[in-house]
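In what follows, a structure is listed as structure tokens, so that the remarks can point back to it.
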Amino acid sequence: MPEKLLYEYALIRILPSVERGEFVNVGLAMMCKRSRWLKVEIAVNEARLRAIAGSVDTSAMVAQLASFSLVASGCRNGGPIAQLPVEERFRWLTAVRSASLRTSRPHPGLTTDLEATFSRLMEQLVL
């Protein structure tokens with residue numbers, strides 16, 4: 001039987017109006033410390049975003065989402081945080097913020113297949 005791996009995931013959200021508290025899930029961050037694995041995927045559904053944002057210009061928020069992927073990938077263009085170990089990058093990505101770009105609280109789970117679990121969570125919670 002394959003070994004079960006402990007992972008954590010958090011939803012990436014856009015809050016076009018912080019005052020209203022409404023958000024759209026636009027991505028997923030998932031990390032497994034033991035496997036030194038971290039993945040972020042972004043999928044912005046413009047129609048959902050317009051439904052709660054109306055005429056709010058969300059282009060800056062969408063542009064900021066690219067930083068999540070750079071940090072997660074460990075890319076040098078992601079700055080000094082992208083050079084940290086995966087668990088520290090995940091903690092930075094999921095830190096509590098009072099901004100229009102946020103994440104949910106991290107949630108744990110066990111899996112034998114990180115990629116399949118990531119795909120399932122992305123499909124169920126974001127797409």
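With the Cα gyration tensor of segment 33-98 in hand, give its eigenvalues times 5 under a square root as the equivalent ellipsoid semi-axes, listed largest first in whole angstrom.
Numbers: eigenvalues 145, 28, 23 Å².
That gives 27, 12, 11 Å for the three semi-axes.
For Arg76 and His107, FRET efficiency with R0 = 25 Å and r from the beta-carbon atoms, rounded to 0.05?
With a Förster radius of 25 Å, E is 0.25.
Could you tell me, in Å, what Rg and Dmax come out for the Cα atoms of the chain?
Just the Cα atoms of the chain yield Rg and Dmax of 14.8, 52 Å.
Rounded to the nearest 500 deg cm²/dmol, what is the calculated helix-only ellipticity per residue at 222 nm for the chain, with -39500 (n - 2.57) per DSSP H run of length n ≥ 4? Provide the component values of the computation, followed by the final result.
Values: 4 runs with 43 residues, N = 127.
Helices in the chain give a 222 nm mean residue ellipticity of -10000 deg cm²/dmol.
Please calculate how many Å² of accessible area the chain carries per residue, with a 1.4 Å probe and no DNA, RNA or ligand atoms counted. Before the final figure, lay out the partial values.
Working: 7240 Å² over 127 residues.
Here the per-residue accessible area is 57 Å².
May I ask you to give the percent of accessible area on segment 32-127 that is carbon plus sulfur, with a probe radius of 1.4 Å? It would help to have the intermediate numbers written out before the result.
Values: 2980 of 5740 Å².
Answer for segment 32-127 is 52 percent, counting heavy atoms of protein chains only.
Please return the longest stretch of the chain lacking exposed loop sites, where trypsin sites (Lys or Arg not before Pro) count only if DSSP places them in a loop and at most 14 other Cβ atoms lie within 10 Å.
Working: sites that count: Lys4, Arg20, Arg34, Arg36, Arg97.
No qualifying site falls inside 37-96, the longest such stretch.
Tally Lys and Arg at +1 and Asp and Glu at -1 over the other residues with C-beta under 12 Å from the C-beta of Met122: what net charge comes out? Let's see the in-between values first.
Details: positive: Lys39, Arg120; negative: Glu41, Glu115, Glu123.
Cβ neighbours under 12 Å give a net charge of -1.
Quick one: Cα centre-to-centre distance for segment 11-74 and segment 107-127, in angstrom?
Taking the Cα centre of each part, segment 11-74 and segment 107-127 sit 16 Å apart.
Quick check for me: using +1 on Lys/Arg Cβ and -1 on Asp/Glu Cβ, what's the dipole size of segment 1-77 about its Cα centre, in debye to the nearest 20? Mind showing how you got there, number by number?
Details: 10 positive and 7 negative charges, 73 e Å.
Using only the charged Cβ atoms, the result is roughly 340 debye.
Would you please give the FRET efficiency between Val18 and Ser119, computed as 1/(1 + (r/R0)^6) with r the Cβ-Cβ distance and R0 = 35 Å, to the nearest 0.05? List each step's numbers first, then the result.
On the way: r = 31 Å, r/R0 = 0.88.
The pair Val18/Ser119 has a calculated efficiency of 0.70.
The values are calculated or read from the model by the stated rules, or taken from the named source; none is laboratory data. Nothing here was measured: the structure is a model prediction, and the numbers come from that model. Ideal geometry is used to build each Cβ from the backbone, glycine not excepted, and the neighbour counts take in all protein chains shown. Accessible surface is based on the protein model in full, side chains and every heavy atom, while ligands, DNA and RNA are left aside. Shrake-Rupley method; radii C 1.70, N 1.55, O 1.52, S 1.80 Å.
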